[in-house]
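> Sharing a structure, written as structure tokens. Questions coming.
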């Protein structure tokens with residue numbers, strides 16, 4: 001089946017640092033979504049991207065829909081302790097099924 | 001307050017037992033989904049439903065069953081045929097399955113084997 005490669009698998013950073021993570025696919029997607037999941041809770045939608053090349057911000061978070069439509073990037077600027085969690089990308093193909101990445105686990109140290 | 005409610009938060013299953021996980025939404029969403037999450041893995045689709053009285057198998061439907069008798073409710077039954085049921089189960093909904101409609105998730109049910 002279709003797969004999304006999400007990297008890095010985990011990150012350990014100091015408070016105040018910037019963070020970058022990305023997802024790549026062998027397939028073309030028409031939508032990219034980024035979610036954050038806290039322990040024991042469901043994922044929460046952070047950013048939705050609908051057009052190739054689109055760059056969208058949500059506070060300190062910025063995500064981009066790659067121009068090849070096969071990748072997406074999420075950046076977090078000036079990280080804070082509450083940014084800790086697992087970040088998932090998800091891509092939507094023509095069948096409208098969401099394919100999820102395996103997640104990036106972020107740990108922020110004060 | 002609109003949202004998706006999953007219950008119970010924790011559930012334990014004995015060998016050979018069927019258990020049902022509840023998912024209710026008051027968002028007036030047409031489409032609902034069930035996912036399974038295992039440690040270190042992404043979410044895998046079990047079943048989805050676009051409208052009342054209709055549902056489709058996802059990627060890992062074996063050992064599971066669903067019903068969609070009401071728009072607000074999409075319960076998932078984990079049957080005894082599911083040999084490895086221990087996982088975190090997530091329910092989601094979206095306004096429709098049309099292009100561009102992101103899915104919103106409940107807080108999950110953690111199922112364990114006794």
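Every read-out reported here was derived from the displayed coordinates using simple, explicitly stated rules and does not represent laboratory data. Since we're looking at a predicted model, the values are computed, not measured. For neighbour counting, all protein chains shown are included, and Cβ atoms are generated from backbone atoms with ideal geometry for every residue, glycine included.
> Take every Cα pair under 8 Å in chain A that's 6+ residues apart, average their separations, divide by the length, and report that relative contact order as a whole percent.
37 percent.
> Chain A: D in µm²/s via Stokes-Einstein (Kirkwood Rh, Cα pairs, 37 °C, 0.692 mPa s)?
Estimated via Stokes-Einstein, D reaches 237 µm²/s.
> For the stretch B:10-67, state what percent of all Cα-Cα pairs lands in each successive 10 Å bin, counting from 0 Å until the bin that includes the largest distance.
Answer for the stretch B:10-67: a P(r) of 19, 48, 30, 3 percent.
> Separate question: How would the protein assembly as shown be classified by its alpha-carbon gyration tensor: rounded, prolate or oblate, with rounded meaning a/c under 1.5 and the a/b versus b/c comparison settling the rest?
prolate
> Of the peptides A:57-65, B:79-87, how do they stack up when ordered by the mean number of other Cβ atoms within 10 Å, highest first?
A:57-65, B:79-87
> So for chain B, considering every pair of alpha-carbon atoms, how many percent are separated by more than 16 Å?
Percentage above 16 Å: 56.
> Measure off 7 Å from each Cα along the Cα-to-Cβ vector at residue B:79 and residue A:51, then give the distance between these two points in nanometres to one decimal.
Result for the modelled spin labels: 4.7 nm.
> Quickly work out the residue B:38-to-residue B:113 label distance, labels modelled 7 Å from Cα along the C-beta direction, and quote it in nm with one decimal.
1.2 nm
> Sticking with this structure for a sec: Hey, got the average number of other protein chain Cβ atoms within 10 angstrom for residues in B:37-50?
If you average over the peptide's residues, the count of other-chain Cβ atoms is 4.
> Pairs of alpha-carbon atoms within less than 8 angstrom and 6+ residues apart define the contacts here; what relative contact order does chain B have, in percent?
So the answer I get is 35 percent.
> Hey, quick one: spin label on residue A:5, modelled 7 Å out along Cα-Cβ, who in the stretch A:11-38 has an amide N within reach, i.e. under 17 Å?
A:21-29
> Restricting the count to DSSP beta bridges whose residues both fall in chain B, what percent are antiparallel, rounded to a multiple of 5?
90 percent
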